[in-house]
1. Limited to region 43-73, what total is found for residues that are loosely packed, with under 13 Cβ neighbours inside 10 Å, in a helix (DSSP H, G or I) and aliphatic (A, V, I, L, M)?
2. Can you tell me which residues in region 8-22 are under 12 Å from the mean Cα position of the chain (by Cα) and either closer than 17 Å to GLY64 by Cα or of a type in the set (A, V, I, L, M) (or both)?
3. Here's a check for you: in region 20-33, which residue that is assigned to a helix (DSSP H, G or I) and in contact with an Asp or Glu (Cβ under 9 Å, 6 or more places away or on another chain) is surrounded by the fewest Cβ atoms within 10 Å (Cβ to Cβ)?
Amino acid sequence: MSEAHDVQALSDVDIHVYEAVASQAVEKGHADLDGLIRASGMAEEDLRGSLARLVGHGYVVPKGDGYGLGPHTFEVEY
């Protein structure tokens, strides 16, 4: 990746979703949509919107039937 991600550019909602993806990815190797809905407490439509933004910026990547973490330059504590 040629340019560094600016985590400060993410909304609070996107950070919440990123943290949910990270938590599941660590536990299961990937995050699935149903698990993300449960973990985030968000409506599916809102969750999909946030995931689309995160994928578009490379923070999250599609992985099989779910999502994984993309390259990043910051840490998440959960």
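Computed from the coordinates by the stated procedures, all read-outs in this text should not be read as laboratory data. Please read all numbers here as calculations on a predicted model, not as lab measurements. Note: ideal-geometry Cβ built from the backbone for every residue, glycine included; neighbour counts use all protein chains shown.
1. Summing the residues that are loosely packed, with under 13 Cβ neighbours inside 10 Å, in a helix (DSSP H, G or I) and aliphatic (A, V, I, L, M) in region 43-73 gives 1.
2. Passing the criteria: LEU10, VAL13, ILE15, VAL17, ALA20, VAL21, ALA22.
3. Per the stated criteria, the residue is LEU33.
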